[in-house]
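Below you'll find the structure I mean.
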Amino acid sequence: MKRLSDILYGVPLKDLIGNPNLAIETLTMDSRKVRPFSLFFAHEGFTTDGHLFISDAISNGAAAVVCSKLPEQLEKNVTWIWVENTRSSMALIAKNFFDNPSEKIKLIGVTGTNGKTTTTTLLYNLFSALGFKCGLISTVRIVINGRSIPTTHTTPDLLRINELLAQMVAEECTHAFMEVSSIGVHQGRIDGLRFEGGIFTNITHDHLDYHGTFLNYLNCKKSFFDQLDPESFALTNLDDPNGEVMLQNTRARCSGYSLHGKGKYTTKIKEMDFEGMLMEINHNDVWVKLTGEFNAYNILAVFGAASELDIEKSKILTVLSSLESVEGRFNVVPGHSGSCAIIDYAHTPDALKNIIDSIRHVMKNKGRLIVVIGCGGNRDKEKRPLMGKLAAASGMAIFTSDNPRFEDPKQIIEDMKKGLTDEESSRVITILDRREAIKTAAAMLQPSDVLLIAGKGHEDYQEIQGTKIPFNDKKEVAEALKFKSIK
């Protein structure tokens, strides 16, 4: 519990009407979560305006309200904090309330279209294995020193992030690894946070339904690096065409990683199969349990970041060799007679191409590749035909439902089929029911065939008409392969 005047330190005020010595117990932007002694932020979001919910917040017991527009009638039992910008004020108030936790922990942010979850999770696992107490904020899960917490967004809101970091500090964590999404950056979810370092993985076609243009998307990613201070590090993928763009205006010390001999951190893939790969990292051989060129980039980013954090090279390589793949990322489910299924979260054209290329590389022209894939509803429609063409061109494909949300899954699949040649169309089967699509694909497997089930990865639900229905690709295919192996 903090005194209101203390948590308003440094906040530019247009006016304060009421009692500055109030005791504040919680901060929230959600009027439904308000309780007595809460400070409510009337935040002007991108879909709703928090000012519309001030009366609800007061009804639920809000002690104070931060707003940029004062209501005509002011409730006398409430303290009103009138500011120019609620978002920037919230960043300062959150820092004050939670005792500026990002200054007390080494916070590493990872941004990019693909690879964020794998890179942050591997960093968390590596540093935990080295004996550090760590925190993780990722798409898959939030972890504080080994304790998991449910997650709903790639980047939680600003208040939640500060709260989580404060919990990590209280539990004596020294490092925290966080996914930084472009939408999270644009919506101010990382405002006011101090990062020890930032990592750029890559940037490809995604989220254009939100950002409008690729340039807007690119600049949003770049703004994360623009905010880093001179004591931080900025680590970028130099093989990405926009890798160096990320560093153009940063004040942080810069370094890069590459599979093609550029930069401070380099690697070559010497051997690769479905069980892992032999990599030469900065002239040191190491076998890792992840596979695929895209994972080589993730591994190298982890090596580079750990090196920038002053971890001894031999220790990094030793732990890297023991790390397992991340849930929902290139998870292999054995089949029969050399066949297998691979579960992966690939839901962008670039991610899908990378995983198909990696599978093809390992298969060495033995067996067939069957791809089960859909596209999410109420999301970027421009990538649907690109995803459909990649899947159809790879071999055999089954187009199915993948979180249709409030859209008609039939229309989503029609969008995926746009631009297919007659030959590509002949290799596509449509099965709307995802469970039946997986069963059908599993039944089609012959010796040495590979089944790729893409798009959902770690997710344990299907989102249909506002309802999340339990569903797990890995469990479904494991059951289907088990049944097939008995026959």
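Taking the Cα centre of region 1-80 as origin, work out the dipole magnitude from +1 charges on Lys and Arg Cβ and -1 charges on Asp and Glu Cβ, in debye rounded to 20.
Computed charge dipole of region 1-80: roughly 200 debye.
For a 22 Å ceiling on Cα separation, which of these pairs sit above it: LYS2/LYS104; LYS313/LYS353; LYS221/LYS268; LYS366/LYS474?
Values: LYS2/LYS104 19 Å; LYS313/LYS353 32 Å; LYS221/LYS268 27 Å; LYS366/LYS474 24 Å.
Those over the limit are LYS313/LYS353; LYS221/LYS268; LYS366/LYS474.
If the cut-off is a Cα-Cα distance under 17 Å, which lysines reach LYS69, setting aside same-chain residues fewer than 8 apart in sequence?
LYS14
Same structure again: Relative contact order, percent, of region 91-202 when contacts are C-alpha pairs under 8 Å separated by at least 6 residues?
Over region 91-202, the number comes to 43 percent.
Sticking with this structure for a sec: Would you please give the FRET efficiency between GLU275 and GLU479, computed as 1/(1 + (r/R0)^6) with r the Cβ-Cβ distance and R0 = 22 Å, to the nearest 0.05?
It comes to 0.45.
How much mean residue ellipticity at 222 nm does the chain get from its helices, if each DSSP H run of length 4 or more adds -39500 (n - 2.57) and you divide by all residues, to the nearest 500 deg cm²/dmol?
-9500 deg cm²/dmol
Give the long-range amide H neighbours of LEU22: residues separated by 5 or more places, or on another chain, with amide H under 5 Å away, using H modelled in the peptide plane at 1.01 Å from N.
Hits under the 5 Å cutoff: LEU4, SER5.
Subtract the Cα-Cα distance of ASN85 and ASN249 from 0.36 nm times their separation in residues, and report this length gain in nm to one decimal.
Result for the pair: 56.5 nm of gain on full extension.
Would you work out if region 1-159 is rounded, prolate or oblate? Take a ≥ b ≥ c from the square roots of the eigenvalues of the alpha-carbon gyration tensor; rounded if a/c is under 1.5, else prolate when a/b is larger than b/c, oblate otherwise. Write down the numbers at each step before the final one.
Working: a/c = 2.45, a/b = 2.05, b/c = 1.20.
Judged from the Cα gyration tensor, region 1-159 comes out prolate (a/c at least 1.5, a/b above b/c).
Tell me the label-point distance for the pair GLN446, THR318, using the 7 Å Cα-to-Cβ offset, in nm and rounded to one decimal.
4.9 nm
Please report, in debye to the nearest 20, how large the charge dipole of region 203-342 is about its Cα centre when each Lys and Arg carries +1 at its beta carbon and each Asp and Glu carries -1 there.
For region 203-342, the charge dipole is close to 240 debye.
Set the Förster distance to 60 Å, then compute FRET efficiency between SER337 and ASN145 from the Cβ-Cβ distance, nearest 0.05.
0.85
Just need log10 I(q)/I(0) for the chain at q = 0.06, 0.09, 0.14 Å⁻¹, Debye formula, equal scatterers on the alpha-carbon atoms, no solvent, rounded to two decimals.
Taking Cα atoms of the chain as identical point scatterers yields -0.30, -0.67, -1.36.
Test of understanding: express the Cα radius of gyration of region 318-395 as a ratio to 2.2 N^0.38 Å, with N the residue count.
After normalising by residue count via 2.2 N^0.38 Å, the value is 1.23.
Order PHE37, PHE53, PHE483, PHE177 by their accessible area, 1.4 angstrom probe, all chains in place, largest first.
PHE483, PHE37, PHE53, PHE177
Follow-up question, since we're still on this one. Just name one of MET178, TRP82, LEU126: the one whose Cα is farthest towards the positive end of the charge dipole of the chain (beta-carbon charges, Lys/Arg +1, Asp/Glu -1).
Towards the positive end, the residue furthest out is LEU126.
Please state the relative contact order of the chain as a whole percent: Cα pairs under 8 Å, 6+ residues apart? Kindly include the intermediate steps, with their values, before the conclusion.
Values: 1058 pairs, mean separation 47.7, N = 487.
Relative contact order of the chain: 10 percent.
Looking only at the chain, where both bridge partners belong to it, what percent of the DSSP beta bridges are antiparallel (to the nearest 5)?
35 percent
Between PHE132 and LYS262, with labels modelled 7 Å along Cα→Cβ, what's the label distance in nm to one decimal, could you check?
2.8 nm
Another one. Using the crude model of +1 on Lys and Arg Cβ and -1 on Asp and Glu Cβ, and no other charge, please compute the dipole size for the chain relative to its Cα centre, in debye to 20.
Once rounded to the nearest 20, the dipole reads 680 debye.
As an exercise, use a Förster radius of 51 Å and the Cβ-Cβ distance of PHE46 and TRP287 to find the FRET efficiency, rounded to the nearest 0.05. List each step's numbers first, then the result.
Values: r = 46 Å, r/R0 = 0.89.
That gives a FRET efficiency of 0.65.
Could you tell me the distance between the Cα centroids of region 1-54 and region 375-406, to the nearest Å?
Going from one Cα centre to the other spans 43 Å.
LYS418 versus LYS14, label points 7 Å from Cα toward the beta carbon: distance in nm?
Placing both labels 7 Å along Cα→Cβ, they lie 4.3 nm apart.
Take the alpha carbon atoms of region 62-83, find their center, do the same for region 432-487, and report the distance between the two centers in whole angstrom.
52 Å
Next up: Name the residue from SER223, VAL288, ILE17 whose Cα lies farthest towards the positive end of the charge dipole of the chain, charges +1 on Cβ of Lys and Arg and -1 on Cβ of Asp and Glu.
Of the options given, the answer is VAL288.
By how many nm would the segment from LYS364 to ILE183 lengthen if fully extended, with 0.36 nm per residue of separation less the alpha-carbon distance?
61.3 nm
The values are calculated or read from the model by the stated rules, or taken from the named source; none is laboratory data. Because the structure is a prediction, the values reported are computed rather than measured. Here Cβ is always computed from backbone atoms with ideal geometry, including for glycine, and neighbour counts include all displayed protein chains. Accessible surface is based on the protein model in full, side chains and every heavy atom, while ligands, DNA and RNA are left aside. Shrake-Rupley method; radii C 1.70, N 1.55, O 1.52, S 1.80 Å.
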